[in-house]
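Since the structure comes first, as structure tokens, the remarks are kept for the end.
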Amino acid sequence: MITVDFSSPEALDVQLVGGKTLGLARMTQEGLSVAPGFAVTTDAHRAFLEGSGINERIGEILLSHDLSDQEQLIVVARLIEREFSAATVADDIADAIGLRYRELGDRLGIGDVSVAVRSSATAEDTAESSFAGEYETFLGIVGVDDVVEHVKRCWGSAFTPHALTYALDRELSPLEVSMAVVVQKTVKARSSGVMFTVSPSTGDRSRIVIEASWGVGLAVVGGEVSPDRFAIDKINFGVIEKKLGDKRIEYVDGHTSRAVDDERVARFCLTDDEAIAIARLGKVLEKLHKAPQDIEFAVDREVPGPDNIMLLQCRPETVWVAKQAESRTASIPLMDRITSNVFGVATGAIPTGKRSSLPEGHTHG
């Protein structure tokens, strides 16, 4: 199976569609407001790697370099990038992606619909780890050929220096990463942001925290702005706190940024009613997933309210989970931690340096 629509039962198979698609499919099938789209499956990813022979060549590159050396890791990433640039997506995969892309455009009544092309790896966005920001997202992609090309670039993003380091630090072999790719209608975002259904700084589950800025989310992700911040009471949905950010630029699409005029710099990018409506969706999603969630959203500038709030992604919250794990580790007596690290006993930890999933003979860190 090469592609799967969000509304399909197969879109609930995380091994086939990855964590990001699974979150979008669950929201779609619960009737929540999600930008429509489909996934290019992990089957397609595997078929591309094996059919093009690129899998074998990447293995040879990984085996011939010391992955614990950051400079060699950068060389590895460049060599693999060349392999992806030279590789061709097989006709059966490209045709299936093209067919599904045209069906999406027909459904929306848009000939060449603008889409976001986003990674959705099976190891991405789990409760234990989040690869958010490690793999690529491309916005404003138009036309079958460009969509196919950017699906390939998403697959290749598993081998950037950052993604390689992140995977190796978590004892994951880059060659074992299975990556589906989300192809989803581009939201014309007036404002966008992220919501945590637990305070990521204190773990307070009675409040929902929202951070947002003007335009699409690139300025926030890239650290180019300080977003507005809202804290919403999860019980009565009152605004507990709000703090104006410093939002002097915005991205109107995936490529172009512009200055924000002074009037909007001095104004919150969400109304209180919008922040509360977003928080209500967060509570629904937390209940659906039975755990705190990390949710991306956008407010569409072309759609009238209250239907203008679009959910872009939903994954388990990991910031506070990681802090709790650090706290638990810190509470273990020092000698027990040393014993654990050296001999792998007392806490069941894996000795530092052991990477059973890496190519034989390679270590990292």
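Data for the structure
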quantity: Ordering of 14-26, 106-118, 211-223 by burial proxy (mean other Cβ atoms within 10 Å per residue, highest first); calculated: 14-26, 211-223, 106-118
quantity: Gain on full stretching of the segment that runs from ASP92 to THR271 - 0.36 nm per residue minus C-alpha separation; calculated: 59.7 nm
quantity: Extension gain, LYS290 back to VAL142 (0.36 nm per residue minus Cα-Cα distance, nm); calculated: 49.6 nm
quantity: Of all accessible heavy-atom area on the range 189-325, the percent that carbon and sulfur account for (1.4 Å); calculated: 54
quantity: Simple label model, 7 Å out from Cα along Cβ direction - LEU12 to GLU176, nm; calculated: 2.8
quantity: Cα-based convex hull, the range 189-325, per residue volume (Å³, whole number); calculated: 108
quantity: Contact order relative to length of the range 1-90, as percent, for alpha carbon pairs under 8 angstrom and 6 or more apart; calculated: 26
quantity: Relative compactness, the range 3-185, computed as alpha-carbon Rg over 2.2 N^0.38 Å; calculated: 1.02
quantity: Estimated distance in nm for a label pair at SER206 and VAL239, the labels positioned 7 Å out from Cα along Cα-to-Cβ; calculated: 2.1
quantity: Of LYS20/LYS152; LYS20/LYS283; LYS152/LYS188; LYS185/LYS243, those spanning more than 28 Å from alpha-carbon to alpha-carbon; calculated: LYS185/LYS243
quantity: Rotationally averaged projected area of the range 11-65 (alpha carbon convex hull; nm²); calculated: 4.8
quantity: Gyration tensor verdict on the range 152-259 (Cα atoms; rounded if a/c is under 1.5, prolate if a/b is larger than b/c, oblate otherwise); calculated: oblate
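The values are calculated or read from the model by the stated rules, or taken from the named source; none is laboratory data. All figures in this text were calculated on a predicted structure; none of them were measured in a lab. All Cβ positions, glycine included, derive from the backbone under ideal geometry; neighbour counts span all protein chains shown. SASA here: full protein model, heavy atoms, side chains in, ligands and nucleic acids out. Shrake-Rupley method; radii C 1.70, N 1.55, O 1.52, S 1.80 Å.
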